[in-house]
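Notes for the one structure printed next.
Throughout, read-outs are computed from the coordinates displayed, never taken from laboratory work. In this text, all values refer to a predicted model and were calculated from it rather than measured experimentally. Cβ coordinates were reconstructed from backbone atoms using ideal geometry, including for glycine residues, and neighbour counts include every protein chain displayed.
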């Protein structure tokens, strides 16, 4: 995955499309997941990846662990339930997800069981049942313990333009990146207002609303780069 160096501001050209190209867009695309068509199978793949990304574990390990689930053909909620707790722990360990293997195996079993029971294993059915954005987020959290705000935000961020009710507020990392890159005039922004401003900036350059998720993902990548830089400075000081 792209790891931009702090020294190079990708928006100095005032072209957000170029910035997305430099930093990289949706994380789902890098995993070979195509969300554009709204297919249930692809959406579940991204949900699984979002659960893995949601823990305090490195991006590299999360990607490697997702690849193990793919290799084992465990990209369907019913297959995950059928594999059982011991089998899931083995897959998680094979991907290097050792620190959270027991907890994540339990979480995946609970969440996939609830998804099958309440929505016939189809996240599109969950979206259809939701009354609005807030209800959608509540239903996702309600699938099981451990599906918190971070995981929900990761998941829904890349479904903007695919699901009509997927409108999560920008994360701290996205806001910090936007401020660092000069997209906001003041450092602190109301999240809802910040989202509106970012969408306006994206549209002002003639970009399609359906591709805003790529811009948001690029900002997240810049935010991650800033955090890595801070960590390096803290270790060296």
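Take the Cβ atoms of residue 41 and residue 71, set R0 to 22 Å, and the FRET efficiency comes out at 0.85. In the chain, the C-alpha radius of gyration followed by the widest Cα-Cα span (Dmax) gives 18.1, 53 angstrom.
Here, the range 149-196 is characterised by an Rg to Rh ratio of 1.00, where Rg is the alpha-carbon radius of gyration and Rh the Kirkwood radius. The simple spin-label model puts a point 7 Å past each Cα toward its Cβ; for residue 234 and residue 118 those points are separated by 3.5 nm. Going from the residue with the fewest nearby Cβ atoms within 10 Å to the one with the most, 17, 151 rank 17, 151.
Extension gain, residue 17 to residue 149: 0.36 nm times the residue separation minus the Cα-Cα distance gives 44.7 nm. Using the Cβ-Cβ distance between residue 106 and residue 199 with R0 set to 35 Å, the FRET efficiency from 1/(1 + (r/R0)^6) comes to roughly 0.40. What the Cα atoms of the range 86-170 give is an Rg and a Dmax of 13.9, 39 Å.
If you run the Gaussian network model on the chain, springs between alpha carbon atoms under 10 Å, then out of 84, 148, 161 the most flexible one is 84.
Could you work out the percent of alpha carbon pairs in the range 117-165 separated by over 19 Å, rounded to a whole number?
Percent of Cα pairs beyond 19 Å in the range 117-165: 16.
Building the convex hull from the alpha-carbon atoms of the range 37-157 and averaging its projection over directions returns 6.7 nm². Think of it as helices only: each DSSP H run of n ≥ 4 in the chain is worth -39500 (n - 2.57), and spread over all residues that comes to -19500 deg cm²/dmol at 222 nm.
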